[in-house]
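Reviewing the structure listed below.
The values are calculated or read from the model by the stated rules, or taken from the named source; none is laboratory data. No experiment lies behind these values; they were computed from the predicted model shown. Note that each Cβ is placed from the backbone with ideal geometry, even for glycine, and that neighbours are counted across all protein chains shown.
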Amino acid sequence: MIYFIGAGPGAPDLITVRGARLLAEADLILYAGSLVNPALLDGKKPGCTVRDTASMTLEEVLSAMEEAEARNFTTVRLHTGDPSLYGAIQEQMDALDARGISYDVTPGVSAFSGAAAALEAEYTLPSVSQSVIITRMAGRTPVPEGEELRKLASHGCTMVLFLSTGLLERVEEELLAGGYAPDTPAAIVYKATWPEERVFRCTVSTLASTARAHHITKTALITVGDFLGKDYERSKLYDPDFTHGCRQGRTP
Ligand code: SAH
């Protein structure tokens, strides 16, 4: 059996309870070494084989899984954050289906949740933004037509950019072309939830210079939008005058 597991954003205690249990039972752990905190491997059982997949191809990962299956092993495929985001798990699951190998997916805390915690911010503030666009800047890996950053930016809502820290000059251009004002608040969150976590607050027009000044080139998320500002309306949910399924509002 192959268990795809979300490792969480970095802090070893941010893996789910289920993920940690399966990790402790694994005979083979295949982990994405470039991003997963190696401290997560501390709980592995004696005799467990650990392989870093950073330098492996999909084919090599699949043969390692097949070999482990032939020996009746429990295999954990450990992906950073939540595996459903930029995790390249679909191609692994489809290849396992084709080989008749069973698997199971355990979700994880994504880096975008870790970043919000680091920022002590709420992405969906009433009257500010009720939508979060998760995307990336097209680089060596393109994005499909229609998902150009400037198009997505035209909504003016909260945006979270993965995999884009090395492309911030272009990110700035695209966000401005899409309609964000140059002074729209933005933040770069480096290694959210890791001991070396850093938060750099800036604006859309100073993203690139901020990253340069602090030598941030990777393992960071870019967050953009007025959710990082000061103004918002309080929620209806906890408003004493508002009636909903669980509470009778005060009559004015
Ligand atoms: N599946 C992962 C994302 C993998 S893509 C998730 O759900 O979080 C890898 C990108 O995620 C990195 O280039 C970086 O942009 C972002 N990232 C991963 N971990 C991060 C962290 N702890 N802090 C900030 N960004 C992180």
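Is it fair to say residue 70 is farther than 20 Å from residue 115 by Cβ and either of a type outside the set (Lys, Arg) or not assigned by TED's automatic domain parsing to the domain that holds residue 160 (or both)?
Working: farther than 20 Å from residue 115 by Cβ: yes; either of a type outside the set (Lys, Arg) or not assigned by TED's automatic domain parsing to the domain that holds residue 160 (or both): yes.
For residue 70, the condition - farther than 20 Å from residue 115 by Cβ and either of a type outside the set (Lys, Arg) or not assigned by TED's automatic domain parsing to the domain that holds residue 160 (or both) - is met.
So which residues in segment 39-82 are of a type in the set (Asp, Glu) and either more than 22 Å from residue 101 (Cβ to Cβ) or not in a helix (DSSP H, G or I) (or both), if there are any at all?
Narrowing segment 39-82 to residues of a type in the set (Asp, Glu): 42, 52, 59-60, 66-67, 69, 82.
Of everything in segment 39-82, those that are of a type in the set (Asp, Glu) and either more than 22 Å from residue 101 (Cβ to Cβ) or not in a helix (DSSP H, G or I) (or both) turn out to be 42, 52, 82.
With without any contact (Cβ under 8 Å) to a residue 40 or more places away in the chain and closer than 25 Å to residue 82 by Cβ as the only criterion, which of 198, 247, 170 stands out?
Numbers: 247 fails: closer than 25 Å to residue 82 by Cβ; 170 fails: closer than 25 Å to residue 82 by Cβ.
It is 198.
Kindly evaluate residue 54 against the criterion of being more than 16 Å from the ligand (Cβ to nearest atom), surrounded by fewer than 19 Cβ atoms within 10 Å (Cβ to Cβ) and of a type in the set (A, V, I, L, M).
Here the answer is no, as residue 54 does not meet what is asked.
State all residues of segment 116-155 that are within 12 Å of the ligand (Cβ to nearest atom) and either exposed (fewer than 14 other Cβ atoms within 10 Å of the Cβ) or acidic (Asp, Glu) (or both); if no residue qualifies, say none.
139, 141, listed by residue number.
Only one of (1) in contact with a Gly (Cβ under 8 Å, 6 or more places away or on another chain); (2) in contact (Cβ under 8 Å) with a residue 24 or more places away in the chain is not met by residue 24, so which one is it?
Residue 24 satisfies all of (1) in contact with a Gly (Cβ under 8 Å, 6 or more places away or on another chain); (2) in contact (Cβ under 8 Å) with a residue 24 or more places away in the chain except (2).
Select, from 141, 124, the only residue that is among the polar types (S, T, N, Q) and touching a residue at least 24 places away in the same chain (Cβ under 8 Å).
On the way: 141 fails: touching a residue at least 24 places away in the same chain (Cβ under 8 Å).
Only one candidate qualifies: 124.
Do you know which residues across segment 219-252 are part of a loop (DSSP other than H, G, I, E, B) and acidic (Asp, Glu)?
If the condition is that a residue be part of a loop (DSSP other than H, G, I, E, B) and acidic (Asp, Glu), then 231, 233, 239, 241 are the ones that fit.
Can you pull out every residue in segment 172-193 that is buried (at least 18 other Cβ atoms within 10 Å of the Cβ) and either in a loop (DSSP other than H, G, I, E, B) or hydrophobic (A, V, I, L, M, F, W, C) (or both)? Full working, then the answer.
Residues of segment 172-193 that are buried (at least 18 other Cβ atoms within 10 Å of the Cβ), as a first pass: 172, 174-175, 178, 180, 184-193.
175, 180, 184, 186, 187, 188, 189, 191, 192, 193 - these are the residues of segment 172-193 that are buried (at least 18 other Cβ atoms within 10 Å of the Cβ) and either in a loop (DSSP other than H, G, I, E, B) or hydrophobic (A, V, I, L, M, F, W, C) (or both).
Looking at segment 196-213, can you tell me whether even one residue there is within 21 Å of residue 127 (Cβ to Cβ) and part of a helix (DSSP H, G or I)?
Looking through segment 196-213, at least one residue is within 21 Å of residue 127 (Cβ to Cβ) and part of a helix (DSSP H, G or I).
Okay, residues lined up against (1) charged (D, E, K, R); (2) assigned by TED's automatic domain parsing to the domain that holds residue 222; (3) on the phi > 0 side of the Ramachandran plot:
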| position | (1), (2), (3) |
| --- | --- |
| 136 | yes, yes, no |
| 146 | no, yes, yes |
| 159 | no, yes, no |
| 162 | no, yes, no |
| 169 | yes, yes, no |
| 177 | no, yes, no |
| 185 | no, yes, no |
| 188 | no, yes, no |
| 191 | yes, yes, yes |
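Looking at residue 77 and the list (1) more than 16 Å from the ligand (Cβ to nearest atom); (2) surrounded by 20 or more Cβ atoms within 10 Å (Cβ to Cβ); (3) of a type in the set (Lys, Arg), which single condition is not satisfied?
The number of the failed condition is (1).
Residues 231, 239, 226, 183: which one is touching a strand residue (DSSP E or B) at 6+ places or on another chain (Cβ under 7 Å), more than 16 Å from the ligand (Cβ to nearest atom) and closer than 17 Å to residue 124 by Cβ?
Within the list 231, 239, 226, 183, the selection yields 226.
Among the residues that make up segment 215-228, is at least one of them more than 30 Å from residue 14 (Cα to Cα) and touching a residue at least 24 places away in the same chain (Cβ under 8 Å)? Steps first, please.
Initially, segment 215-228 is screened for residues more than 30 Å from residue 14 (Cα to Cα), giving none.
Scanning segment 215-228, I find no residue that is more than 30 Å from residue 14 (Cα to Cα) and touching a residue at least 24 places away in the same chain (Cβ under 8 Å), so the answer is no.
Go through segment 89-115 and give me each residue that's within 14 Å of the ligand (Cβ to nearest atom), assigned to a helix (DSSP H, G or I) and touching a residue at least 12 places away in the same chain (Cβ under 8 Å). Give the derivation first.
Of segment 89-115, the ones within 14 Å of the ligand (Cβ to nearest atom) are 89-90, 92, 105-115.
Next, from what is left, pick out any that are assigned to a helix (DSSP H, G or I): 90, 92, 111-115.
Within segment 89-115, 92, 111, 112, 113, 114, 115 meet the criteria.
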